[in-house]
Structures are given as structure tokens and as C-alpha cells.
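*Asks:* Take this structure, written in C-alpha cells, and hold onto it; I'll ask about it next.
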Amino acid sequence: MSVTIQEEEQNKTRPQTKAEEVETVTIRFAGDSGDGMQVTGTQFTSTSAIIGNDISTLPDFPAEIRAPAGSLPGVSGYQLNFSSRDIRTPGDEPDVLVAMNPAALKVNIKDLGPGGILLLNTDEFNDNNLKKAGYPSNPLQDGSLSGFRLFQLPITSLTLKALEASSLPFKQQERCKNFYALGLMYWLYDRPMEPTLKWIEEKFGAKPEVAEANLMALKAGFNYADTTEIFTTHYHVGKAEIRPGKYRNITGNEATAIGFITASQLAGRPLFYGSYPITPASDVLHELSKHKNFGVKTFQAEDEIAAIGAAIGAAFAGHIGLTGTSGPGIALKSEAIGLAVMTELPLVVIDVQRGGPSTGLPTKTEQADLLQAMFGRNSECPVGIVAPATPADCFRMAIEAVRLATHYMVPVFFLSDGYLGNGSEPWELPEIESLPQMKVELRTETEGFLPYLRDERTLARPWAVPGTPGLEHRIGGLEKQNITGNVSYDPENHDLMVRLRAEKVQRMQQDIPELEIFGKSSGKVLVLGWGSTFGSITTAVEQLQEKGESVSSAHLRHLNPFPRNLGDVLKGFETVIIPELNLGQLALLVRARFLVDAVSYTKVKGKPFKVAELVGKIKEYL
Amino acid sequence: MSENGKLTDGTNGQTAVKLTRKDFQTDQEVRWCPGCGDYSILAQVQKVMPELGIAKEKIVFISGIGCSSRFPYYMNTYGFHTIHGRAPAFATGVKLANPDLQVWVITGDGDALSIGGNHFMHALRRNVDLKIILFNNRIYGLTKGQYSPTSELGKKNKSAPMGTIDYPINPLSLAFAAEATFVGRSMDVDPKHLSMMIERLAKHKGSGFLEVYQNCNIFNDGAFKNFSEREVKEERMLALEHGKPLIFGKNKDRGIHLNGATPEVINIGENGKRVDEILVHNENAPEPNLSYILGRMQYPEFPVPMGVFRAVEKPTYEHMLAGQISTAIATKGAGNLEKLLNSGETWTIN
């Protein structure tokens, strides 16, 4: 579905009063997990993208599906940053907080900046809810919110009033209040309602009464703000200078799924996805299972081990073997990854990292599985590792993971995380022709076939799959004699094979791009990052560069092997700062590999870095 | 078999040159202990293979870890020696990727029932067309003599010098609970019966499970001899035959009668017991209840049943998966990248 909005149409719903221009706004919608805050957030996001803002989002939801209503653990939030300039993060702290109940206020108020706009649904501020949120006194009355621009509205009652004509049961009418709140925000930030009206009609088309009620609630919220002038002013965020092209908003997990389907098409091999449900990776399974018309086979296995086992079996049989999970699942898959290394089969392992160890913080983000991916198996067991930098980048790196895995016949890790997986941004749709040429040829020639005879350049062994006449052979986890692939306990051969497996991964360097530097190639500080910290790091470095500071950044998308010029890049700077959402895992690798006294800057709060935090840290070394 | 001596390939209709047992042997030295029951099973599998008329390249043997799991190295087909207990998972991936392949799983009692219990159960209940042969020797051989999940209670061994206090599991009970569509049992010392059972398993469409009592002459020698030795086996074992009454004994004068839900051995003619009181075996019964009762019969209370307990048809997993893919293609059209990338809400910046 493509949405284009005519200027006149936009003007129809535009408030007549002139709006004040602002460059960037960060809004956080927060409410009970059943309040529909994710829908509200995604609708605001889509509309903002469609009218030409740059956007970046961060959903933040609880691990509990429906924690008791009104409780602190049940608070669900959605933060989005929209701007008339190029942005890369969902914003450090919100300028606007919409809190649908006391618990949502309690959980989120500490993040709202001084003078920030605070919109509260007063209907929910009753004794019972205040108690559930742990408020000793009513914050609406005790003056504790005096530092904010407070707007108190009985959103629930206003919604019900607007729906007086609706035939829906009371409970369902009440559930429309998120659209009422969205309407208020649309007026406040000068957004057109059309995209959401259209979305509601499509989404609830089968239930006209529900669609009608939501439409009415949205319009009522918008009109209330327009006519009552409760917000003394309203704001306009202009179009960002975005590269011309066709865009869609996409989450990291969607981009991951679409990326792997694309990779399988480019490789000319069918995709097999073995997975076991786990937060925050399950959406990859959901998305892939929708695309069976691409021949994608999704297999929801009995456990993590079976999921990877089936993926390796499918790889043996000539499919792109893919498995996906989060950190605890990787722990279970480790032995099987070792088998894929030993049998030199192309396999991609998606790890959408989350807070740990153990069950940890299932819905929160972290980057602490890097060393697990790198070393988390018995013996010398090297694998390739790639990491996307942004939600949309998941698409590109999924293709890269498959390209490397099939080209080198080696398992490759795809290290995403909860922030990337659930976060979204506009994605400029690529031209199919611009995607890598990476057609894979299976071995069919019987003459001279040996299961472990290697390609001279890549050291890859042939991919000879069951069903191919004359190439019958056996593989397995016991050490293999090089070339023949027969079981071998020979010490010299084992030494050779351990080194060959390492060399094979290292040789990927010849096929991965050099590391690019954002800024000058020498100076005082280099900020080196990987994974989802890209947005915050780049924004922080850009801010400092604009002030003339001697700082550059570089972002690793290949973590094993590193790009071949990494050592040279590091040498150009007096200080290397490595910010990570762990206790310094990349820093450990970089220090060990390059003997560079890198500064490790770490945070493990289940949340991404704020730009201000990074700016503060970098300044210490300027 | 067609008239010109060529076999019709059962999976895709291609013809293949008539193969022999030798074609299925590899150049690898077989490394089981001399006298191991595994040799007999290997020999019977290699004997049955050419009879199936399937091209070698379409056959895959997949194993886990343990003595039995060395099996694929000795079969000149495709083979994959995987990790402990997980062979059914790897085999599922192979079969789903290419349903034209005939996929065998070779496993042992520790591999399938202890570390791999979960995969064993799920492979069976999904009805993936896998041919699972479990070599049950009631002991851990490769790790040198610890008790296994099928070791009898009280068995003394290396890790239980005072006798095991683990109640054993009955592999057949598990297979019935998982509603495997084919369940059989045979024995290493009866090559004729064994080859017949392997052939039945091979020809079954769906998840098939064959338990083979297999002697470990090093760590558990004679585990099955008290009912399988020549002099006693007719009295102590029961051959299951579809549609026939469950009669056994040298003189065919004993049988299994069902008293309510409890089986009992009756002597025909004794106290007026008649042949028509004897349970008639029906391997195609939709419900596995009676098979379950038979599967639980143990020596010395009962004769040990051998043969096919259950053989029913139902759609396989891979068939249903292929069906969903065809439906998706029929309704949405074959996958188109341009369409995929452009799905969802898009907008254009000029």
C-alpha cells in the first residue's frame, strides 16, 4: 500500500492557527500494556514518516503479557524522535510524555526534561491506581509536577462522551482512548489524520463498529485540541532533507527476515529457518512464516537445539540454513554450532541480544553476547560475525551473512539486539540490481570430488548435497582428515585442521569492505562502535565535529574477522574510545589484537546510550 | 522391479541400475568390538537396501553419538554423524529440505531416550518420514559401561556398583505416546526377522520406529538371552502377525487373552479356554491402546512380542509443509523480491 497525501488534503485538517516551527521532537507514549501504546506510537511514526520527517523509534514494553492493570511492571512505552533534520536515535529524553495512568507517570517521569510537556489522563488518577503505582499522595495535587508544562485531561471520559452514539460495549469504547490521545498529539504536532484514518479502516474493516469508534475517537481528540485551545500553541516539524527515493518504515526484525529471504533469492538456494520462540527474536519467525510463497520453510522446533539441528540438516541438504534466537538460546545451540564448524556447512545464526545473564531482561537491549558468539564453544571453534548498525541495516547485513557463510562454507553469526529488532526507522528501498551478486553453485561434478578438498582462495570445501549422484560421502563431528574428509585421529592432521578452520574465517577479510571513518582519518579521538550504538555514537560525534572538535568515529559491521584496515585506522588517533552496552567486550578484543590502550566506556541498563552521555565521555579526552 | 532387471526408483520414478549389498559398503574399516550385535544390523541394512530400488544418492543415514552412531561411516550413501541425542532434529532438517530423500536415523538407548528424549518424541509425533532404528543394548558402551535409561532396575555396573535405582523406560511406550505411525521391534540374533522389519520400516511413509534388541558382548553380554536363546525362544517370545491371534509356544498352544484392559496368558484347551478368546493382532488400529498393552509385555510374566505393533497412515509433516508452500504460491503468486521490498506502507521523497 502506498500513501501519498495531496497538499490540499493535508491543509483541510491542518489547524488554522499558525504553528511554531521546531526542528526535532521526542514523544513518549506510556500506559498500561493493554492501553494500545504501541499502536499509538507506530501510527504517529508512520504519519510522521509519510509527511517527510526523519524518524527513529524505541518501543519499551514489559516482559509480562498483561501484568495487573495499573501496576508498575505493566507499563508499556513507545518513544519516537521525529525531525526536520537527519536523525539516528530515538532521542535521549522525551520533550513530551503522554502518561495514561499513574504507573506510567511514575515509571517515565524521571526521563522528562525540565519544562517538558506532560499530558495526563486524569480519569485514571484515582486512589486505587495511585496506590498501585506507589504514590503516597496524588502528584496532580502535591505540586511535584510543577516543573513541567502539565496538561490534565479526563481522556477516558472524553472518549466515552465522543462515542455516545456507538453501539459498542462500554469496555470496547474505553479501549479507543489511545486514539483520542493520538488525536490530541496530531493536533499538537500538526500532523494529518488521513494515514491513520486509512489504517483504521483497513485494520478494522471486518468490524465496522470498531473502526467507526476508533475513527471517532481520533477525530474527537484532534477537534478537542483544536477548539478548546488547551495547548496554547502548537508545533510544526518540517520535512527533513531525506535522500530522494522510495521508503518504508521498518523494524530491525522485519528487515532481518526480509533480508534473509532476499539473500536466499540472490544465492539461488531455498531458505530454511529453524527456531524456537524467544523474546526478542520471535518476530523474525513470525515474519518469515508469512513468506512461504518464496519457498521459505519455517520450522518451529521443540527446543533451541532441535532448531539449529534442523537448520544444519537443511544446510547439509542444500538450503540456506538459518536459526535465530537470543542469548540463552545461543547457549543451548553452542554444541551444534561446533558441529557446523567441524562439518564446514553454511549456517547463519541470528542472535537478537537481550539483557542477561540467564533469563535476564528479556525485553531490554544489551550487546553482551559478542564474546559468546566469538568464543562460546568448546575448543578452537571460529565463526564469522557480522552486526547490523541500525534497524534498516539488518536487511543489508542479513545478505552479507549469507554471502560469507556460503562463500566460505562456515557458520556466521548475525548479532542484532532488542533495540534494533524492535526499533524502526525509514528504510530507503534498494534497487534489486544493486544487491550483491552471490549465486551459489552446488558441486555436481564427480570427477576429482573429495569432501574436504579446498578452494585455493577461500579454503571452502565443496557443497555437495544429498541427492547428487556419485558424490555420496559422510560427514560428522569427529575430526576430519583434510581433503578426504575421513575420520582422522592423526595429531599432525588435527593441528592442520584447527589452523585451517581459523585461516578460513580470517580469509573472509579479503571479501569484506574496509572500515570507513566518519570524519578525519587522524586526530585526538576515535570512537569505535559496533551494533546498535551506531545512532547515538554518530550523533554525538557529529555534534562535537560541528563544534570543531577533533573527533571521528568508525563503526564495525564485521567483528570476525575485523576489516583489514582496522589496525591502521586505530593508529591515526591519540585515544580510542569504545562505547558498548556490555562491560567492554569489543574493547577486550581490540586491546588484545592491536595492543591499543583503548578506553572502554560501558553501560548495561537495558537501554541504549544517550547522545549526551557519549558527548560527555568523549569530551574528557578532547 | 521392472522386467529388464532395472529397479524403479521409489521416490521419483527414475530407473537405477540394480544395486547389490556391496554397493552399500564403504572403504572404512568397521570398528565395533568383535562379536557386537551392531554387525548384524549393519549387514541386514546393507542387504535390504538394494531391494528397495532407491538410488544410493537419495539415501541419507544420520546418527547421534554412541557405538551405534558410527553406522553412517559404514554405509556408502550420504551420511551425517551429528551430536549426542540430536540426530532426529538434523534428520528432520534434511527431510524437510528435500523430501525426495529417504532419511534414516541410527540411534542407541542412551542417545535416543536419555539425552535425546525430547527430539525422539517430537520427531515421532510430527510424523516426519524418518526411519528410526534404535539399537537397544541397555547399557552405555562407548563410554564404557554405565547404566542406560533402559537398564533394568538393580543392574550393577560401573556407575552403579550397588545396582541402579533408576526405573527403566520402555522405548515402545514412548513411541506409542508420541503416536508414531510405525512401531516395530526386532533382534540382532534373528537376521531374517530383522531384515523383514527393516524392509517394513523402509516402506512405511511417516515417522517409523524400530527397536532392535542388540547385544553388547563387552558390557552387557547376554542381556536378552533368557528369552531369545534357541531352546526357549518359542515359549518366551511372541511373533506379531497382523490379523492373526496372538499365539505362541512350541505347540502353538498358548495365547494372549485380554481380561478387561489386562493381558493374561492362557493355555488353549486348559480349563475350557478357546482359541477365539485370544486377542487378534491389528497393527492398523487407529488408536494405539492395544499396541501399548502389547508393548509393555515383558519376560518372564509374558512372552516378549516381536514384529510390527503399529502401522497406520496419516499425512506427513513434509507433505503438509509442501502443501502450505503450494497454497501460498497459488494465492499470493511465486515470491517476487520487488513486491516483497515494496510491501507495507511506502512513500516517495522527491
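*Asks:* Can you pull out the GluC sites (Glu not before Pro) in region B:189-298 whose DSSP state is coil and whose Cβ has at most 10 other Cβ atoms within 10 Å?
*Replies:* Loop-located and lightly packed - B:231.
*Asks:* On to the next question. With the cut-off at 31 Å, tell me which of the pairs A:18/A:619; A:524/A:603; A:207/A:605 have Cα atoms farther apart than that.
*Replies:* Flagged as over cut-off: A:18/A:619; A:207/A:605.
*Asks:* For helix A:585-594, what angle does its Cα long axis make with the longest principal axis of chain A, in degrees from 0 to 90 and rounded to 10?
*Replies:* Orientation of helix A:585-594: about 40 degrees from the principal axis.
*Asks:* Then there's this: If you take every DSSP beta bridge fully contained in chain A, what fraction is antiparallel? Give it as a percent rounded to 5. Present the calculation step by step, with values, prior to reporting the outcome.
*Replies:* Values: 28 of 82 bridges.
So the antiparallel bridges in chain A amount to around 35 percent.
*Asks:* Could I ask something else about it? Where in region A:50-69 does the amide nitrogen come within less than 17 Å of the point 7 Å from the Cα of residue A:241, taken along Cα to Cβ?
*Replies:* A:52-55
*Asks:* Right, here's the next one. Using only Cα atoms, figure out Rg for region A:517-619 and give it as a multiple of 2.2 N^0.38 Å.
*Replies:* Here the Cα radius of gyration is 0.97 times the empirical estimate.
*Asks:* Taking the convex hull of the alpha carbon atoms in chain A, what volume per residue do you get, in Å³?
*Replies:* Per residue, the Cα convex hull of chain A comes to 165 Å³.
*Asks:* Give the aspartates and glutamates whose C-alpha is closer than 13 Å to that of residue B:250, dropping any in the same chain fewer than 8 places away, or say none.
*Replies:* B:231, B:234, B:235
*Asks:* Let me see the P(r) profile for region A:9-237: every Cα-Cα distance counted, bins of 10 Å, each bin given as a percent of all pairs.
*Replies:* Bins of 10 Å from zero give 8, 34, 39, 17, 1 percent of pairs.
*Asks:* Another question, then. Which ordering of B:319, A:407, A:558 is given by a fewest-first count of other beta-carbon atoms within 10 Å?
*Replies:* Numbers: B:319 15, A:407 20, A:558 24.
Result, fewest neighbours first: B:319, A:407, A:558.
*Asks:* Rounding to the nearest 20 debye, state how big the charge dipole of chain A is about its Cα centre with +1 on each Lys and Arg Cβ and -1 on each Asp and Glu Cβ.
*Replies:* 400
*Asks:* Specify the angular offset, from 0 to 90 degrees and rounded to the nearest 10, of the alpha carbon long axis of helix A:304-316 from the longest principal axis of the alpha carbons in chain A.
*Replies:* 50
*Asks:* When the Karplus curve 6.51 cos²θ - 1.76 cosθ + 1.60 is applied with θ = phi - 60°, which whole-Hz ³J(HN,Hα) does each residue of region A:279-296 get, with x for Gly and Pro?
*Replies:* These are the phi-based 3J(HN,Hα) values: 7, x, 9, 4, 4, 5, 5, 4, 5, 5, 5, 7, 10, 5, 5, 8, x, 5 Hz.
*Asks:* Find, among the GluC sites (Glu not before Pro) in region A:527-622, those assigned to loop by DSSP (not H, G, I, E, B) with at most 15 other beta-carbon atoms within 10 angstrom.
*Replies:* Filter output for region A:527-622: A:620.
*Asks:* Another question, if that's okay. Can you give the calculated 222 nm mean residue ellipticity of the protein assembly as shown, where each DSSP H run of n ≥ 4 adds -39,500 (n - 2.57) and the sum is split over every residue, rounded to the nearest 500 deg cm²/dmol?
*Replies:* Mean residue ellipticity at 222 nm (helix-derived): -9500 deg cm²/dmol.
*Asks:* Further, regarding this structure: Go through A:333/B:155; A:297/B:339; B:225/B:314; B:18/B:203; A:292/A:607 and tell me which ones have a Cα-Cα distance over 28 Å in this structure.
*Replies:* A:333/B:155; B:225/B:314; A:292/A:607
*Asks:* Any chance you could give the angle, 0 to 90 degrees and rounded to 10, that helix A:491-506 forms with the longest Cα principal axis of chain A?
*Replies:* It is inclined by approximately 40 degrees.
*Asks:* Report the label-to-label distance for residue A:24 and residue A:207 in nanometres (one decimal), using points 7 Å from each Cα along the Cα→Cβ vector.
*Replies:* The two pseudo-label positions are separated by 3.9 nm.
*Asks:* Also, I was wondering about something else. Quick check: from the Cα gyration tensor, does region B:210-278 come out rounded (a/c under 1.5), prolate or oblate?
*Replies:* It is prolate, given that a/c is not under 1.5 and a/b is the larger ratio.
Read-outs throughout are calculated quantities, based only on the coordinates presented, and are distinct from any laboratory measurement. Note that the coordinates shown come from a computational prediction; the quantities given were computed from them, not determined experimentally. Positions of Cβ are backbone-derived with ideal geometry, glycine not excepted, and every protein chain shown enters the neighbour counts.
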